[in-house]
C-alpha cells in the first residue's frame, strides 16, 4: 500500500493558462474524489468517480474544470483559462467500495496551485 | 443539509495536559463522522471514525473521540498532548449524495512545551 500520490506537488501558472493535475489512488480503491481547499477553510468537494464513471460534480466545478479517470485507474483534473480565484490546494482521495458512507477516504499530499 | 461546525479556530494546550477539539454536526439519518489531521503543506491524515456502536472511538496516535447523539457532538480528545500534535484538525461528516465528505473549517491545535 503506497498511498495516494499526486503530481505535481506545486504548480505556479499565469492567469489564462491551462493546468493539469494527476492523482494515483491506492491500487484496489474503486472510488476517487477531488476536493479543493483554500486558506483557512476545510476541503470542499469537487467531483467523484466510481471506477471510470464520473458520478457527481459539485456546483463549484465550473465549465473550466474537467476531470477524467480512464480505465478506472489514475485521474486527471484540468483547469482551463485559470483565474486567480483558482489558487488553492487540490486534494485527491480514494476509498474502497465496501461500506459506502462508512468507507475511509485516504488523501494524497495535494497539489498547491498558484495563479499569478 | 449536512454540516459540521468546529467552534474554535484555535486551541492552545500545554504539553502533557489533556486536549479536546470540539465538533458538532447536523445530519439527516445516521451520522458517519471522521477526524483528520493536516500538517503544514501536507494532505489530510485519517485519525478515526464513528460508524456505529461504542460511543468512544479510539484512533491513531493516542487520539480518541466521543460520539454524543443527544448533543450532536463528536469531540476529539487525547489524555496527554505532545508538541508534535500541533497541527490543523478537521472534523467531517460523510453526508454527500455520493459519499463525499463535508468538512468543518478546521481547528488549529498548538501544544507548547
Criterion violated by residue A:59 - all others in (1) surrounded by 13 or more Cβ atoms within 10 Å (Cβ to Cβ); (2) within 27 Å of residue B:5 (Cα to Cα) satisfied: (1)
Test: residue B:13 is touching a helix residue (DSSP H, G or I) at 6+ places or on another chain (Cβ under 9 Å), in contact (Cβ under 8 Å) with a residue 24 or more places away in the chain and not in a loop (DSSP other than H, G, I, E, B): yes
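Matching residues to (1) under 11 Å from residue B:90 (Cα atoms); (2) modelled with pLDDT of 95 or more:
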site	(1), (2)
B:16	no, yes
B:30	no, no
B:40	no, no
B:44	yes, no
B:51	no, no
B:60	no, no
B:63	no, yes
B:77	no, yes
Residues (closer than 24 Å to residue B:104 by Cβ and free of Cβ contacts under 8 Å to residues at least 60 places away in the same chain) located in region A:1-34: A:34
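Against the definition (at pLDDT 95 or above, within 13 Å of another protein chain (Cβ to nearest Cβ) and surrounded by 13 or more Cβ atoms within 10 Å (Cβ to Cβ)), how does residue A:36 come out, yes or no?
Numbers: at pLDDT 95 or above: yes; within 13 Å of another protein chain (Cβ to nearest Cβ): yes; surrounded by 13 or more Cβ atoms within 10 Å (Cβ to Cβ): yes.
Criteria met by residue A:36.
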Sole residue being under 11 Å from the mean Cα position of the chain (by Cα) and either surrounded by fewer than 22 Cβ atoms within 10 Å (Cβ to Cβ) or within 14 Å of another protein chain (Cβ to nearest Cβ) (or both), chosen from B:11, B:27, B:111, B:93: B:93
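The values are calculated or read from the model by the stated rules, or taken from the named source; none is laboratory data. Quick caveat: nothing in here was measured; it's all calculated off a predicted structure. Every residue, glycine among them, receives a Cβ derived from its backbone with ideal geometry; neighbour counts consider all protein chains shown.
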